[in-house]
Amino acid sequence: MKKYMKIISISVMIMLTAGCEGNTATKGESEVPVIEDFDAMLNDQRTQVIVRDEPDTAQPDTIDQETEDSAETATEPVVPYADRFAGENVVTYNIETAVYEEGVVKVEYPQLVGMADEGKQQEINEEIKKAVTENLTADNLSSYDLKYETATKGNGIVSFIFRGVESYINSAHPNNVIKTLNIDLNTGKNVRLKSFADMALVVSSLENANGYTIINEGVDAADFSAFLNNGAVTDYAITLLDYDIDFEHPEMIPAGFSAIRDNHLILFIEAEHAMGDYVELEFDQNL
């Protein structure tokens, strides 16, 4: 029996030894380093890379394009109409204030000085004085006060706006007075609305109540438009032709007045006393 047990034990040991050697060989083989091509590994394991949006502060192409577009669309400086009107006959001068007083009347008015053509300067100054001081001796006039402002001092045209107040005996309230002069410095004549404005544009703007700004405070645009279109101006085109003082026909009473200010047309339209007696309009378009 012992003999058999010994044989079995030896057999088991032999089997165990063989199994260990097999496992050792397998373990040794698995530990042999595997070398693969690194680029190939990257290609096999390549994944999509997501880049979050970030502001591009340089944008050279866009900036260059915008600069080019701005240069192309830049407009030339606008030469004021009062300077363009002169052409090559540029007139230099200064303005001084003179005062006319007689009874209840006081008028401050401009006089030109320093013009090369002294004869033309004297002619213009006489016309200015006559335009604002004559026909002011009404018997029932209790006070009359008029001052001026220089709306435009151009090389070809000088434009003045006269504003004042007149009162009459037994009158319920004083009245606002408006006059204007747009003097051609070469001819000495007053340039009237029909001679320098786009009349079709003015008529269209008044008819459609657009293209201008009402300067008077407290005057409602809708009320003013209704006032005009309810018979205050029966025919815009004909009425506008009679605007402004005509030095050659001083007896003519103007239907209204115009001026040039900041290269825009200014109109003074006679209106109700509640609107200030005259409504001042500044048109949007450059002259």
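The values are calculated or read from the model by the stated rules, or taken from the named source; none is laboratory data. What you are looking at is a predicted structure, and each value in this text was computed from that prediction instead of being measured. When we count neighbours, we look across all protein chains shown, and the Cβ atoms used for this are built from the backbone with ideal geometry, even at glycine.
Just checking, which of GLU166, GLU217 is closer than 18 Å to ASP277 by Cβ and touching a Phe, Trp or Tyr at 6+ places or on another chain (Cβ under 6 Å)? Full working, then the answer.
Numbers: GLU217 fails: touching a Phe, Trp or Tyr at 6+ places or on another chain (Cβ under 6 Å).
Only one candidate passes the filter, namely GLU166.
May I ask you to list the residues in the stretch 167-181 that are part of a strand (DSSP E or B) and either farther than 18 Å from ASN216 by Cβ or of a type in the set (Phe, Trp, Tyr) (or both)? Explain how you work it out, then say what you get.
Of the stretch 167-181, the ones part of a strand (DSSP E or B) are 167-168, 175-181.
If the condition is that a residue be part of a strand (DSSP E or B) and either farther than 18 Å from ASN216 by Cβ or of a type in the set (Phe, Trp, Tyr) (or both), then SER167, TYR168, LEU181 are the ones that fit.
Could you identify the single residue in ILE183, ILE169, ILE161, ILE128 that is farther than 30 Å from ASP235 by Cβ, surrounded by 14 or more Cβ atoms within 10 Å (Cβ to Cβ) and aliphatic (A, V, I, L, M)?
Criteria check complete, one pass: ILE128.
Go through (1) farther than 28 Å from THR133 by Cβ; (2) surrounded by fewer than 17 Cβ atoms within 10 Å (Cβ to Cβ); (3) free of Cβ contacts under 8 Å to residues at least 24 places away in the same chain for ILE253 and report which single condition fails.
(1)
Does the stretch 73-92 contain any residue that is farther than 23 Å from ASP246 by Cβ, hydroxyl-bearing (Ser, Thr, Tyr), at pLDDT below 95 and part of a loop (DSSP other than H, G, I, E, B)?
So far as the stretch 73-92 goes, yes, one or more of its residues are farther than 23 Å from ASP246 by Cβ, hydroxyl-bearing (Ser, Thr, Tyr), at pLDDT below 95 and part of a loop (DSSP other than H, G, I, E, B).
Can you report the number of residues in the stretch 97-154 which are within 26 Å of ASN175 (Cα to Cα) and not polar (S, T, N, Q)?
Total satisfying the criteria: 31.
Can you pull out the residues in the stretch 184-213 that are of a type in the set (A, V, I, L, M) and touching a residue at least 12 places away in the same chain (Cβ under 8 Å)?
Answer for the stretch 184-213, where residues must be of a type in the set (A, V, I, L, M) and touching a residue at least 12 places away in the same chain (Cβ under 8 Å): LEU185, VAL191, LEU193, ALA197, MET199, LEU201, VAL202, VAL203, LEU206, ALA209.
Please state which of the following conditions ALA131 fails to meet, knowing it meets all the rest: (1) more than 22 Å from HIS249 (Cβ to Cβ); (2) touching a Lys or Arg at 6+ places or on another chain (Cβ under 9 Å).
(1) is the only condition that ALA131 fails.
Filter the stretch 113-165 for residues that are among the aliphatic types (A, V, I, L, M), without any contact (Cβ under 8 Å) to a residue 60 or more places away in the chain and in a strand (DSSP E or B) and give the result.
VAL113, LEU141, LEU146, VAL165, listed by residue number.
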